[in-house]
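Encoded as structure tokens, the structure appears first; notes follow it.
The values are calculated or read from the model by the stated rules, or taken from the named source; none is laboratory data. Everything quoted here is computed from the prediction, not taken from an experiment. Neighbour counts run over all protein chains shown; Cβ positions are idealised from the backbone, glycine included. All accessible areas refer to the heavy atoms of the entire protein, side chains included, with ligands and DNA or RNA removed. Shrake-Rupley method; radii C 1.70, N 1.55, O 1.52, S 1.80 Å.
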Amino acid sequence: MSAVDFERSLEEAAVLLCRARRVVAFTGAGMSAESGIPTFRDPGGLWEQFRPEELATPEAFERDPDRVWAWYQHRRRVIEQAQPHAGHRALAAMEAYFEEFTVVTQNIDRLHHRAGSRRVLELHGTILENRCHRCGRPYVEEPLPAETAPVCPACGGRVRPAVVWFGELLPESVFAAAESAVERCDVMLSIGTSGEVYPAAGLVWRAKSFGAAVVEINPNPTELSSIADVVVRAPAAQALPRLLERVEQCRKGASA
Ligand code: BV8
Ligand code: ZN
């Protein structure tokens, strides 16, 4: 995208946000890329080194709990070193300028919380918590072993990260809250997601069908680009602070 196109798409997105009262920011792994956390499907991404079916499924865990546990421990260490970037902080600051501003994230790293966002719906759970795979009890013992999945003290089952794996249902109450947020919103920001994973990606289609304007913020084209009203072909850490600036201008201008 040329600099001119970038500025024009930012302005178009800013006009939509300035007119909006309710906004949903839908985020994927690309939102955490500039914090140093590898995405899934980009070149060099997680799925290039590993196959999701081999690691991010209940069958994989039941077949080899220690291998899956060790992979998540490796990812947890990367995530614990990561810091939220200016894009996360811009989304947190935007909350003050809208009647409703909801972050609906597919990410499991809690960077939105650490940046100060208060209304965050985690569709795929979080790697920072663990629970028993058999009885579901939260597992809070520390320190966590690096290579072997702990044994649940209550039932003897094996402990896993509190994330949603492929073939597992999303947390019902969280997904229901996300659905109603997207049905009400005026603008749906789709940030750093390839739009390949369902039912999460279906929320962007749902927002569109309920009349929201869709703004895609992503350096690359995705499955969702075709339904975007505005496409900002740029990284999140570059685009979001600029959008915050424009929202602050129009909100302050309006109240002056
Ligand atoms: C479900 C947590 C009902 C774990 C994740 C066959 C059998 C069973 C199910 C299915 C099936 N076929 C299809 C399905 C449904 C399946 C699915 O959608 N599969 C896909 C692969 C086709 N979904 C499920 O299984 C879901 N559950 O359907 O339950 C059910 C129940 C039983 C039986 C049948 C159905 C559960 C899905 C949740 C899986 N868990 N993560 C973990 O993290 O280990 S998914 C994983 O992918 C992450 O959550 C991730 O967020 C998500 C989506 O990926 P993205 O976030 O979009 O990341 P990606 O790398 O793809 O893209 C990054 C983007 O960022 C790119 O576009 C890139 O250009 C951009 N980018 C890069 N840098 C930047 C940037 N953008 C901005 N700025 C930058 N700097
Ligand atoms: Zn248990």
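Using a 1.4 Å probe on the protein heavy atoms, what percent of the accessible area of the range 154-236 belongs to carbon and sulfur? C and S atoms contribute 55 percent here.
Percent of alpha carbon pairs in the range 125-256 separated by more than 26 Å? Intermediate results must be reported in sequence, preceding the final value.
Numbers: 3896 of 8646 pairs.
Of the Cα pairs, 45 percent sit more than 26 Å apart.
Annotation: average projected area of the range 212-256 is 3.6 square nanometres, based on the convex hull of Cα atoms across all directions. Mind telling me which of THR193, THR126, THR27 comes out most flexible in a GNM of the chain, alpha-carbon contacts under 10 Å? Comparing THR193, THR126, THR27 in a Gaussian network model of the chain, the most mobile one is THR126. Residue ranges 16-24, 101-109 sort as 101-109, 16-24 when ordered by packing (mean number of other C-beta atoms within 10 Å per residue, highest first).
Calculated [222 nm] ellipticity per residue, helices only, for the chain: -12000 deg cm²/dmol; basis is -39500 (n - 2.57) per DSSP H run with n ≥ 4, divided by all residues, nearest 500. Phi angles across the range 72-82 convert, under the Karplus curve 6.51 cos²θ - 1.76 cosθ + 1.60 with θ = phi - 60°, into 3J(HN,Hα) values of 5, 4, 4, 5, 4, 5, 5, 5, 5, 7, 6 Hz, Gly and Pro given as x.
Beta-bridge orientation, the chain: approximately 25 percent antiparallel, per DSSP, counting only bridges with both partners inside.
Compute the accessible area per residue over the chain, keeping the other protein chains in place, probe 1.4 Å, unit Å².
Details: 11690 Å² over 256 residues.
Accessible area per residue: 46 Å².
Under a 5 Å amide H cut-off, with hydrogens placed 1.01 Å from N, GLY125 pairs with VAL164 among residues at least 5 apart or on other chains. Relative contact order of the chain, taken over Cα pairs closer than 8 Å and 6 or more residues apart, is 26 percent.
The alpha-carbon atoms of the chain, seen along their principal axes, cover 62, 34, 32 angstrom, with the largest extent given first. Among ARG184, ARG134, ARG233, the order of accessible area from largest down is ARG134, ARG184, ARG233, computed with a 1.4 Å probe on protein heavy atoms. Computed from phi, the 3J(HN,Hα) profile of the range 223-240 under the Karplus parametrisation 6.51, -1.76, 1.60 (θ = phi - 60°) reads 4, 9, 4, 5, 9, 7, 6, 9, 10, 9, 7, 8, x, 4, 5, 8, 6, 5 Hz, with x in place of Gly and Pro. Residues in the range 182-193 carry Karplus couplings, in order, of 6, 5, 8, 6, 8, 10, 10, 8, 10, 10, x, 10 Hz; the curve used is 6.51 cos²θ - 1.76 cosθ + 1.60 with θ = phi - 60°, and Gly or Pro positions show x. Among beta bridges identified by DSSP and lying wholly in the range 105-215, the antiparallel ones come to about 65 percent.
Using the Kirkwood radius built from alpha carbon pairs, what does the Stokes-Einstein equation give as D for the range 112-189 at 25 °C and 0.890 mPa s, in µm² per second?
Values: Rh = 14.6 Å.
This corresponds to a translational diffusion coefficient of 168 µm²/s.
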